[in-house]
Amino acid sequence: MPAVRLLLFLPLASVSAALQMGLQVKLGDDVTLQCQIITDERISVLKWSRADLNTDGYVYFYRNKRSYENYQHPSFHGRVKLRDPEMKDGDVSVILKNVTFNDTGMYECHIAVRNPVRNKRVHTEISLFINLTVTALQQNMQATLGADVTLQCQITTDERISVLKWSRPDLNTDGYVYFYRNKRSYENYQHPSFHGRVKLRDPEMKDGDVSVILKNVTFNDTGMYECHVAVRNPVSSKRVHTEISHFIDLTVTGEVHENMLEKHIMEREDADGNTEVEQVEAQTILIVAAVAA
């Protein structure tokens, strides 16, 4: 799988204003969270952490020449390793494998070094913040005019889904495609064109299924749809993260034929009471849905 890399070299002096980097990676990829310091001292402690998960364990924990999986958050077990086990040239980067939507968040690299002669701790520093966002591949969909279409989106999480927003960037100022918060939907937050036409595929959102069904699509439904999810820890009721989890480019298709004529027979009486028969050709406009191959 492709790896996404972000690199920062840091001097030995403590960092007074740590840098924040933004990083996007696709679902299922491996990502390298890069962090490197320039030092001749021995790295005695390395902690990769995520602020929202600190109470439950680290992303990666290293001390005195070995890592400690029992100090890790359960979701990172078997998925994080040093890029260079010997940490040559101060390279303390880690590789996070097979990323999921739950890996979205702010990552911090903490380092403590010791003088090999005096065995004295020199300093501890927060060397880098990486704001990681995991996104799904863009999906292209075609739907036939008048059909119902399912806009699929699913996240893997044990946390409670507190907010779900389906949106279309070109319509955001006028309302959402679908808006859900704290166990109920809000039609008054919707764009008027979607009133009564959008519902959850699974009202209980089991297994993180936040897909919606859009009924009776029209040409105006063509556009880019985005699925936004915010989840909360059921114990602390703290928002864990907000993510854009899926993009769907929907195209509604149909063909218009205007050359079909219908013949009608009309009878009428003239001024003298005689019956006349008249053949009338009426133009009918027929819309035929085009089925995508």
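The numbers here are math on the coordinates, done by the rules we state, and not lab data. Model, not experiment: these values are computed from the prediction. Cβ: placed from backbone, ideal geometry, glycine included. Neighbour counts: every protein chain shown.
If the chain linking Q142 and T39 were pulled fully straight, counting 0.36 nm for each residue of separation and taking away their Cα-Cα distance, it would gain 31.5 nm. Estimated from the Cβ-Cβ distance and a Förster radius of 51 angstrom, the FRET efficiency linking K183 and D89 is about 0.50. With both labels modelled 7 Å from their Cα along Cα-to-Cβ, the Y68 to T55 distance reads 2.0 nm. Sorting the segments 73-81, 222-230 by their residues' average number of neighbouring beta-carbon atoms within 10 angstrom, most packed first, yields 222-230, 73-81. Computed from backbone phi, the HN-Hα couplings of the range 222-230 come to 5, x, 8, 10, 10, 10, 10, 10, 10 Hz, rounded to whole numbers (Karplus: 6.51 cos²θ - 1.76 cosθ + 1.60, θ = phi - 60°; Gly and Pro given as x). Placing pseudo-labels 7 Å out from each Cα toward the beta carbon at T173 and S211 gives an inter-label distance of 3.4 nm.
Charges were assigned to the Cβ only: +1 to each Lys and Arg, -1 to each Asp and Glu. The resulting dipole of the range 138-252 about its Cα centre is roughly 460 debye.
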